[in-house]
Amino acid sequence: MIFGWGRKKKKAADKPPAQPAAQATPPAPPQSPPASPPQVPPVAPAPAAQAPTASPRAPAPWGPEGDAAANQAIGGLRNYLLGALKTDRGIHAETILVASGALAGYAAIHAVFEAYLKRGRAQIGDQQAASTGKAIVEVKTQDGQTFYFGDLINSFLAASHGPASRQFFVWGYLAGVAINAGVPPAELPDINEMFQHTASTVGTPAFGIPRAPANLKPILTPRQAVDRLWPAVRAGLARTDGQGAQGPAIDVEHWPIICAIAAQQLIGQTKGVIDVKVALRLVMESAIAMSRIDPRSVPQELPAATT
């Protein structure tokens with residue numbers, strides 16, 4: 001059961017989406033999660049984001065040959081979150097939304113490091129170099145933390161112009177489920193303002209805390225969710241075995257979209273207890289913030305099994 005504490009529950013829709021903005025379809029119904037959750041372990045510019053368009057496009061960045069692996073990864077991630085975040089009262093709606101958004105954002109900076117920096121497709125440089133889409137900017141705060149900015153990172157999250165632009169991005173999928181739920185595009189949360197707010201809070205206690213009505217109190221912050229959940233999520237996204245898996249795993253460059261589709265489905269499942277526009281903000285602000293953190297500061301491996 002997905003619930004919001006102190007709020008009346010309604011039944012969610014019954015169809016899983018797998019497409020961005022213009023082609024998104026209604027979300028999947030709640031499923032029974034696994035029974036054993038794991039143990040809890042200076043301002044940059046916003047992108048030139050656009051509202052989702054109505055132009056037809058393919059449903060995902062991988063080709064048909066990757067559909068089986070992608071569908072397995074999406075379903076596995078969604079079901080893992082439902083199990084990992086289950087409490088004795090059910091699944092806390094705002095917490096699972098924050099967690100899904102945090103993972104989508106972290107998957108973006110992880111993809112930049114793994115698929116771009118390590119493969120020689122980009123480097124760490126200055127703001128001018130970052131505008132070419134072939135570099136990211138490193139910012140260190142007085143407390144010793146490191147954050148990253150630039151068009152390349154932003155392109156995984158929202159529509160943008162220029163050499164770093166890409167067809168598939170997190171906001172396209174999230175906005176799609178809201179539009180399908182009847183939210184006019186003009187009433188979607190302001191994506192540029194969310195980027196600006198996140199950048200302005202870097203180095204302050206407000207960084208990484210998504211803004212929400214006072215009655216919505218996620219159990220985990222986005223950073224806590226990433227630290228706790230990412231090792232298992234990474235292992236699941238990287239695997240090629242298991243029922244339904246065919247061929248190689250989905251490339252790390254596409255992991256943000258896997259996470260975005262899972263988040264899209266969870267927004268649909270929670271719309272009976274949380275307003276879709278509020279859910280969008282919870283997910284997207286969590287995603288933007290976690291796309292800025294140093295990926296090397298996050299645990300990557302599951303704890304060694306004990307006997």
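Values as computed for the structure displayed
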quantity: Complete set of residues in region 169-187 that are part of a loop (DSSP other than H, G, I, E, B) and either of a type in the set (A, V, I, L, M, F, W, C) or buried (at least 24 other Cβ atoms within 10 Å of the Cβ) (or both); calculated: 169, 181, 183
quantity: Any hit, region 278-286, residues being among the acidic types (Asp, Glu), modelled with pLDDT of 95 or more and open to solvent by 30 Å² or more (accessible area, probe 1.4 Å); calculated: no
quantity: The lone exception for residue 137 - which of (1) open to solvent by 30 Å² or more (accessible area, probe 1.4 Å); (2) over 20 Å from the mean Cα position of the chain (by Cα) it fails; calculated: (1)
quantity: Filtered residue count, region 204-223, keeping only those that are over 17 Å from the mean Cα position of the chain (by Cα) and charged (D, E, K, R); calculated: 1
quantity: Of all residues making up region 154-167, the number that are crowded, with 20+ Cβ neighbours inside 10 Å and modelled with pLDDT under 95; calculated: 3
quantity: Subset of region 160-188 (residues that are under 16 Å from the mean Cα position of the chain (by Cα) and among the hydrophobic types (A, V, I, L, M, F, W, C)); calculated: 168, 169, 170, 171, 174, 175, 177, 178
quantity: Residue selected from region 264-307 under the condition part of a helix (DSSP H, G or I) and among the small types (Gly, Ala, Ser), by the criterion farthest from residue 196 (Cα to Cα); calculated: 268
quantity: Of residues in region 188-231 being over 23 Å from residue 172 (Cβ atoms) and of a type in the set (Lys, Arg), the one most open to solvent (accessible area, probe 1.4 Å); calculated: 217
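The values are calculated or read from the model by the stated rules, or taken from the named source; none is laboratory data. Because the structure is a prediction, the values reported are computed rather than measured. Note: ideal-geometry Cβ built from the backbone for every residue, glycine included; neighbour counts use all protein chains shown. Note: accessible area is taken over every heavy atom of the protein model, side chains too, but ligands, DNA and RNA are not part of it. Shrake-Rupley method; radii C 1.70, N 1.55, O 1.52, S 1.80 Å.
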